[in-house]
Amino acid sequence: MAAHVQPHPSALQRVVLVANQKGGVGKTSIVTALGGLIARPERRVLLIDADPQGNATTSDLGVEGDRGRSLTMALQYGEPLQVLRDVRPGLDLVAGGPLLAQVGALTATAAQTGLDIVGNLRQTLAQVCAEGNYTVVLIDSGPGDAPLLDALLRTTRYLVVPTRDDDASLSGVELLALRYLKARHEGAPVQLLGVVLFDANPRATTRNGQVLADLDIVLDGSGATCFQTMIRSDRAAALDLRAAHLTPAELVEAAASQSRSRLAQLRRGGKHRADKDSGEEEEVRLWSRDPSALASDYQSLARELLGRIATIERGPSA
Ligand SMILES: Nc1ncnc2c1ncn2[C@@H]1O[C@H](COP(=O)(O)OP(=O)(O)O)[C@@H](O)[C@H]1O
Ligand SMILES: [Mg+2]
């Protein structure tokens, strides 16, 4: 695998890694929500599911995928990445899954085998980026896999770090910040775009202010600040997003259409459909009544993210 031609760095210019060493902090939710919101047929987005859990692929997007096989083969042998086209309009996907769990073990013997997962990842990703002409490439990452995470940090152009406001999540940010600084130290072009507070209570202004101030201390020296947008807590919507494989924008539509049909049923004096065996047309019952506030958080995060990238691309004089 040593004979790689270095890909032109501009192919990886719009690659954004979403990472935190802690699990359950919103990485996958943010990646799939942003992917769904930004992607249009004329504004294509590529989502890379680099998590052995494959939640983005199977739960959030409801795609069967290849259990992470193509991404694993790309990392290991530099084989071309298989892109699933248009899993939503304008949204392409490289599937994740359990096969990615072997990557860590493979890197343990890299010195003997000559394995170069960073080189392979850069090369194969640059290839699909150049072909797909993506507005943005979003990478979801798993919680613990350090070798894979380090490879991603050495491939991506930007980093976004989600966190909850508890101490364990915040120390996940700290750990990741150290990995990030190390990657930069070694010449990786990665740049931290900011930290996003996830599962937050927008009305807890004192608490949020305190957390953001703490985060600013953690980020000191990174040149980044927290995103102004927070992703609010909405357990009901979170359940629906995963169970029904919907993106936030799709959930808003589904919830509206469900409440319309409930209303119609009530007007007809009908009952809710309770039996599950009335055929394939059975709708999934949604818990959320109005997921629009959550969807608009994601919308404003998408705007802020693209805005920060545009500012950096314009350069310091702008
Ligand atoms: N807005 C929300 N409020 C509360 N919980 C949420 C919200 N969105 C998602 N969740 C839940 O938070 C958990 C972790 O989210 P996830 O995106 O999988 O994190 P990670 O990828 O970092 O492990 C999941 O159980 C998910 O359903
Ligand atoms: Mg995840």
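The values are calculated or read from the model by the stated rules, or taken from the named source; none is laboratory data. All values derive from a computational prediction rather than experimental measurement. Note that we place each Cβ from the backbone using ideal geometry, even for glycine, and neighbour counts take in every protein chain shown. Surface accessibility is based on the protein's heavy atoms, side chains included, excluding ligands, DNA and RNA. Shrake-Rupley method; radii C 1.70, N 1.55, O 1.52, S 1.80 Å.
Looking at segment 52-81 only, could you name the residues that are within 16 Å of ligand 2 (Cβ to nearest atom) and either outside any helix (DSSP H, G or I) or small (G, A, S) (or both)?
Hits for segment 52-81 are P52, Q53, G54, A56, S59, L61, G62, V63, G65, R67, G68.
Find the residue count for segment 151-166, including only residues that are more than 16 Å from ligand 1 (Cβ to nearest atom) and either open to solvent by 40 Å² or more (accessible area, probe 1.4 Å) or assigned to a loop (DSSP other than H, G, I, E, B) (or both).
Residues in segment 151-166 being more than 16 Å from ligand 1 (Cβ to nearest atom) and either open to solvent by 40 Å² or more (accessible area, probe 1.4 Å) or assigned to a loop (DSSP other than H, G, I, E, B) (or both): 4 in total.
Can you tell me which residues in segment 228-266 are closer than 14 Å to R289 by Cα, of a type in the set (A, V, I, L, M) and within 12 Å of ligand 1 (Cβ to nearest atom)?
Correct list: A236, A237, A238, L239, L241, L251.
Please enumerate the residues belonging to segment 13-30 that are outside any loop (DSSP other than H, G, I, E, B), more than 8 Å from ligand 1 (Cβ to nearest atom) and farther than 14 Å from L176 by Cβ.
Within segment 13-30, V15, V16 qualify.
Could you check segment 95-139 for helices (runs of 4 or more DSSP H) lying wholly inside it with 1 or more residues that are of a type in the set (S, T, N, Q) and surrounded by fewer than 16 Cβ atoms within 10 Å (Cβ to Cβ)?
Those helices (runs of 4 or more DSSP H) span 102-108, 110-113.
I'm trying to understand the selection: among the residues of segment 216-228, which are within 21 Å of P202 (Cα to Cα) and either modelled with pLDDT of 90 or more or loosely packed, with under 15 Cβ neighbours inside 10 Å (or both)?
D216, C226, F227, Q228
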